[in-house]
Structure formats: structure tokens, C-alpha cells
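Enquirer: Could you have a look at this structure, given as C-alpha cells, before my questions?
The values are calculated or read from the model by the stated rules, or taken from the named source; none is laboratory data. Note that the structure is predicted; figures quoted are calculated from it, not measured. Please note: Cβ atoms are built from the backbone with ideal geometry, for glycine as well, and neighbour counts cover all protein chains shown.
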């Protein structure tokens, strides 16, 4: 265990500056999300003053149109958006990777059926499809998570099926079949460990996309609903302040961009390591 820890720390130490910057950003956002109630001076829906108060010692970033502390809203917005994006990405991978592995290992008509269904779903523009489903099912958080996960799982299905198909034709898989291993065992014990690297990289990329999608849906008014704070809806609610020379709407937009850049830096480093290429 000590050797593994030393090797892990050495790997982190050898990471490029961009990856270290990404780790710092992700770690900072994670700490803000975990300790949001301790960092924020007020609750996320509490009206503390008049509308559009200027920044002061009491209100670090001023107040919004309803008199809520903007700094508090940003902190809880990071927590809400990050938490929902993480849960959505996990659900996306559970659905997409499971059915991708099933199609690759089972093959035959199961593979053809699942692949054609995914082809049909991917032919529909993703954002329009999500807007349509949310308008039908409603904008509850559980609906938001399931609908975004359902639509994005088609991309994970494609990747996991392609990676698992290369593994499924190897000799050790045939040996496992002859031993009488069950389909689930072939998927989870024999195939999945051999495609972890591309799935891990895709997880980071997909998390960035999901984070942006949830913020975009909230900006359009059908994502995370008030009074819960969300970075996308905060940009929309305070956009008019730009006309008066206030940078308040740019703060949540900056938070969205920084997390996306940080995650992409880490993913680029992981892809470079797993590719075997030299610097």
C-alpha cells in the first residue's frame, strides 16, 4: 500500500502544470460544494436586503434582483450544479456502459437491436430532445437527471461497445465462456476491467458536457428551478446588469468556464498517460 501511495504521489508530482492547475480547480470546487453551508453567510433563498445592492463588507458581491446575497447564491450554485452534474454523469455511465458491454459480449441480434435503437436516438439533436422530454415530464430534479442521463448514455454506449468489442474476441474471453462463466460475469469481471482507461477519460469529458448542459437548461428556465441556486439561471436573472457596467452576471459564467477547463486539463493528461506517448 505504501509503495502504491508513493507511486501515486510521484505520478501527481510528474503531472504537467496544466493538469496540476486542473486538479487545483476541481479540488477547490469540491471543497466549496462540501462546505457550502459553512462558507456562505446566508441561506441560498434568504432575502437579506434590497435589490441590486452594491458590493460591501456585508454583501461581498452585492445582491440580486430579489435582494438575495449574490456570493451566497454563487456558492450554493456551485454546490447544486456540481452535485446534480456528478449524479447525472454516474447514471449516464451506469446505463450506457452496461448496455454497451451487453451488446459487445452478447453480440448477435441483441447487439443489432441495441445499436439500431441508439442510432435512432443519436440522430435527434441532443439539446432539442432534452428540451422536448423535459417539457413533457416536467422540470423536477429527478426528471432532469434521468432525461439528461438517458440522452447522453447513447454516447457512452457507443464508446463502451466499441472498446468492449475488441476485448470480446480475445482468447481469455473464449476461455471464460468455456469455463461456463455467466453473461454478467463476462461483462463485469472479464471485459470491464480492460476498458477502464477509455471509460475513465470519457467520464471526465462527459461530466464537463453534462455540467454545461445543466447550466444551459437552467439558463433557458427548464433546468434547476428556483429558489434553488444554479449558475446558469443566475446568468439569466442578472444579465440586465451588464448594461449598467456591473460584472455580476459574468461571475457564475466564469465559474462554469473554469470548472470545464480544469476537468479538460485533467482528462488531456490522463489520455496522454494511457496512450503511451512520450513528451
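Enquirer: Specify the residue that is surrounded by the most Cβ atoms within 10 Å (Cβ to Cβ); the eligible residues are those in region 110-128 that are under 22 Å from the mean Cα position of the chain (by Cα) and within 16 Å of residue 156 (Cβ to Cβ).
Expert: Selected residue: 118.
Enquirer: Which ones in region 159-178 are closer than 18 Å to residue 192 by Cα and surrounded by fewer than 17 Cβ atoms within 10 Å (Cβ to Cβ)? Reasoning before the result, please.
Expert: In the first step, residues of region 159-178 are kept if they are closer than 18 Å to residue 192 by Cα; the result is 159-177.
Residues satisfying the conditions are 162, 166, 169, 170, 171, 172, 174, 175, 177.
Enquirer: Taking region 179-194 as the region of interest, how many residues are buried (at least 16 other Cβ atoms within 10 Å of the Cβ) and touching a residue at least 60 places away in the same chain (Cβ under 8 Å)?
Expert: 4
Enquirer: List every residue pair whose Cβ atoms sit under 9 Å apart, with the two residues 6 or more apart in sequence or on different chains, where the first one lies in region 198-211 and is at positive phi and the second, anywhere, is crowded, with 19+ Cβ neighbours inside 10 Å and outside any helix (DSSP H, G or I).
Expert: none
Enquirer: Moving on to the next point. Can you go through 32, 48 and tell me which one is out of contact with any helix residue (DSSP H, G or I) (no Cβ under 6 Å at 6 or more places or on another chain), under 30 Å from residue 246 (Cβ atoms) and surrounded by 15 or more Cβ atoms within 10 Å (Cβ to Cβ)?
Expert: Values: 32 fails: out of contact with any helix residue (DSSP H, G or I) (no Cβ under 6 Å at 6 or more places or on another chain).
So the residue among 32, 48 that is out of contact with any helix residue (DSSP H, G or I) (no Cβ under 6 Å at 6 or more places or on another chain), under 30 Å from residue 246 (Cβ atoms) and surrounded by 15 or more Cβ atoms within 10 Å (Cβ to Cβ) is 48.
Enquirer: Additional query: Is there a residue in region 12-34 that is closer than 23 Å to residue 259 by Cβ, free of Cβ contacts under 8 Å to residues at least 40 places away in the same chain and more than 25 Å from the chain's Cα centre (by Cα)?
Expert: For region 12-34, residues closer than 23 Å to residue 259 by Cβ, free of Cβ contacts under 8 Å to residues at least 40 places away in the same chain and more than 25 Å from the chain's Cα centre (by Cα): absent.
Enquirer: For residue 104, work out the one condition from (1) on the phi > 0 side of the Ramachandran plot; (2) at pLDDT 90 or above it doesn't fulfil.
Expert: Here residue 104 clears every test but (1).
Enquirer: So, one more: Given the residues 107, 83, 77, which is the only one that is touching a helix residue (DSSP H, G or I) at 6+ places or on another chain (Cβ under 9 Å) and crowded, with 23+ Cβ neighbours inside 10 Å? Let's see the steps before the verdict.
Expert: On the way: 107 fails: crowded, with 23+ Cβ neighbours inside 10 Å; 83 fails: crowded, with 23+ Cβ neighbours inside 10 Å.
Within the list 107, 83, 77, the selection yields 77.
Enquirer: For region 51-65, give me each residue that is loosely packed, with under 14 Cβ neighbours inside 10 Å and either in contact with a strand residue (DSSP E or B) (Cβ under 7 Å, 6 or more places away or on another chain) or at pLDDT 90 or above (or both).
Expert: Looking only at region 51-65, we keep the residues that are loosely packed, with under 14 Cβ neighbours inside 10 Å, and these are 51, 54, 56-58, 60, 65.
Once the filter is applied, which keeps residues that are loosely packed, with under 14 Cβ neighbours inside 10 Å and either in contact with a strand residue (DSSP E or B) (Cβ under 7 Å, 6 or more places away or on another chain) or at pLDDT 90 or above (or both), region 51-65 yields only 51.
Enquirer: May I ask you to verify whether residue 139 is closer than 30 Å to residue 221 by Cα and at pLDDT below 90?
Expert: On the way: closer than 30 Å to residue 221 by Cα: yes; at pLDDT below 90: yes.
The answer is yes for residue 139.
Enquirer: Only one of these conditions is not met by residue 196: (1) touching a helix residue (DSSP H, G or I) at 6+ places or on another chain (Cβ under 6 Å); (2) over 18 Å from residue 154 (Cβ atoms). Which number is it?
Expert: (1)
Enquirer: So which of 92, 139 ends up being outside any helix (DSSP H, G or I), surrounded by 13 or more Cβ atoms within 10 Å (Cβ to Cβ) and in contact (Cβ under 8 Å) with a residue 40 or more places away in the chain? Spell out how you get there, then give the answer.
Expert: Numbers: 92 fails: outside any helix (DSSP H, G or I).
The conditions single out 139.
Enquirer: Only one residue in 146, 133, 127, 121 is in contact (Cβ under 8 Å) with a residue 60 or more places away in the chain and closer than 22 Å to residue 88 by Cα, so which one is that?
Expert: On the way: 146 fails: in contact (Cβ under 8 Å) with a residue 60 or more places away in the chain; 133 fails: in contact (Cβ under 8 Å) with a residue 60 or more places away in the chain; 121 fails: in contact (Cβ under 8 Å) with a residue 60 or more places away in the chain.
None of the others qualify; the one that does is 127.
Enquirer: So if I check each of 105, 74, which one is in contact (Cβ under 8 Å) with a residue 24 or more places away in the chain and under 24 Å from the mean Cα position of the chain (by Cα)? Can you show your working first?
Expert: Values: 105 fails: under 24 Å from the mean Cα position of the chain (by Cα).
One residue alone meets the criteria, 74.
Enquirer: Provide a single number: the residues in region 225-259 that are farther than 16 Å from residue 64 by Cα and buried (at least 17 other Cβ atoms within 10 Å of the Cβ). So that I can check it myself, show each step before the final result.
Expert: Restricting attention to region 225-259, the residues satisfying the condition of being farther than 16 Å from residue 64 by Cα are 225, 254-259.
When the remaining residues are screened for being buried (at least 17 other Cβ atoms within 10 Å of the Cβ), the result is 255-256, 259.
Of the residues in region 225-259, 3 are farther than 16 Å from residue 64 by Cα and buried (at least 17 other Cβ atoms within 10 Å of the Cβ).
Enquirer: Same structure, new question: From the set of residues in region 260-279 that are more than 23 Å from residue 127 (Cβ to Cβ) and modelled with pLDDT of 85 or more, which is surrounded by the fewest Cβ atoms within 10 Å (Cβ to Cβ)? It would help to see each step written out before you state the result.
Expert: Residues of region 260-279 more than 23 Å from residue 127 (Cβ to Cβ): 262, 265-266, 268-279.
Adding the requirement that they be modelled with pLDDT of 85 or more leaves 262, 265-266, 268-269.
Details: 262: 22, 265: 23, 266: 20, 268: 17, 269: 20.
Only one residue tops the list, namely 268.
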